[in-house]
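A short worksheet on the structure shown next.
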Amino acid sequence: MSIHVKKRRLMAPDITMRKGGEPIVALTSYHAHTAAIADNHCDFLLVGDSLGMVMHGYETTVPVPLELMIMHGQAVVRGSKKALVVVDMPFATYEESPSVAFRNAARVMKETDCGAVKLEGGRRMAETIRYLVDRGIPVMAHIGLTPQSVNVLGGFKTQGRTVDQWAAIEEDARVVAEAGAFAVVLEALTAPLAERITQAIPIPTIGIGASAGCDGQILVMEDMLGLSPDVPKFVKKFGAIGAAIDRAIASYADEVRARRFPAPEHTYALQSSEQRASITPVRATKKPKTPST
């Protein structure tokens, strides 16, 4: 007799079915406690390789190793319950060949228990996307500004600024959809181009610096919470957590230096008054005088 396991989470096909419907809500997440909070509101959580810059101080996402993605992916899966968890494949773990990509993506899926992986690149990654999907690994594509290609692009530059650039980007979107991607991230695209792509392809588009006309939106959580000091133009700060943390730490430091913390209510006492009464108070001892020379 087969046993049917109750479905816990959204899966890649659930996201695909949202095409043209209620907008898809997503955020990056890198640790269990933020995953638990975002899980209440998001359809999917992306363990983005942006964690290298946000959490580990790298200047770009290029140096991020696979092991780091797996560690953070495990934490986000443990912290969430219902959202699909997608893990970024970091630079140099999937570009060499479809078979190398499968080996590394399978490791990510097995070791994190995530529901999908994300790859950067359009037409050049079509064969790899098809290879992974055919072997049971759901793939989210990512076109437009692809941060892992920052050294080729010459920086984090908006794509599709001129109409003559549109055809290549539209072709990227069409090809990754045909290859089997269940959704595609559109990063830093001009709004008219993002809307045009959204209308043209059968899979959901997830905008980040693209257009409200996309099928969904994603932001880096630390950016929208006000934790990141410098953010792109497309980020709206929905909170001021960085300033709140600064105030809290300053208050803590002041109370420690003034010996107001810990107060009696933050310390532990003996269980009985008799035991407390039996303790001889510790008296300060005078410092020995330094012998004169």
**OP:** Would you calculate, for the chain, the mean residue ellipticity at 222 nm contributed by helices, counting each DSSP H stretch of 4 or more residues as -39,500 (n - 2.57) and dividing by all residues, to the nearest 500?
**Re:** -10500 deg cm²/dmol
Original post:
Based on the Kirkwood radius over alpha-carbon pairs, what is the Stokes-Einstein translational diffusion coefficient of the range 12-244 at 37 °C with 0.692 mPa s viscosity, in µm²/s?
Top reply: 188 µm²/s
Original post:
How big is D, in µm² s⁻¹, for the range 242-282 by Stokes-Einstein at 37 °C and 0.692 mPa s if Rh is the Kirkwood radius over C-alpha pairs?
Top reply: 257 µm²/s
Original post:
So for Ile249, Ile169, fewest C-beta neighbours within 10 Å to most, what's the order?
Top reply: Ile249, Ile169
Subject >> For Leu10, Leu219, Leu84, Leu45, order by how many other beta-carbon atoms lie within 10 Å, fewest first >> reply: Leu10, Leu219, Leu84, Leu45
**OP:** State, to one decimal in nm², a quarter of the convex hull surface area for the C-alpha atoms of the range 162-292, i.e. the direction-averaged projected area.
**Re:** 19.4 nm²
Subject >> Equivalent-ellipsoid semi-axes of the range 108-230, from the Cα gyration tensor, Å, largest first >> reply: 22, 19, 14
Original post:
Using the beta-carbon distance between Ile249 and Glu274 and R0 = 45 Å, what value does 1/(1 + (r/R0)^6) give for FRET efficiency, to the nearest 0.05?
Top reply: 0.65
**OP:** Starting with the fewest neighbours, write out Val47, Val235 ranked by other beta-carbon atoms found within 10 Å of each beta-carbon.
**Re:** Val235, Val47
**OP:** DSSP loop (so not H, G, I, E, B), at most 16 other Cβ within 10 Å: list which trypsin sites (Lys or Arg not before Pro) in the range 156-202 pass both filters.
**Re:** Lys157, Arg161
Original post:
Over all distinct Cα pairs, what is the inverse of the mean 1/r for the range 18-74, reported as the Kirkwood hydrodynamic radius in Å?
Top reply: 12.4 Å
Original post:
How large is the charge dipole for the range 26-152, taken about the Cα centre, if only the Cβ atoms of Lys, Arg (+1) and Asp, Glu (-1) carry charge, to the nearest 20 debye?
Top reply: 300 debye
**OP:** Using the Karplus curve 6.51 cos²θ - 1.76 cosθ + 1.60 with θ = phi - 60°, work out ³J(HN,Hα) for each residue of the range 95-112 in order, rounded to whole Hz, and write x for Gly and Pro.
**Re:** 6, 4, 6, x, 5, 5, 4, 5, 4, 6, 5, 5, 4, 4, 4, 5, 7, 9
**OP:** Determine the relative contact order of the chain: mean sequence separation of Cα pairs under 8 Å and six or more apart, normalised by residue count, in whole percent.
**Re:** 15 percent
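Here, each number is a calculation from the coordinates, and none is a lab measurement. No experiment lies behind these values; they were computed from the predicted model shown. Quick reminder, even Gly has a Cβ in these numbers, built from the backbone with ideal geometry, and neighbours come from all protein chains shown.
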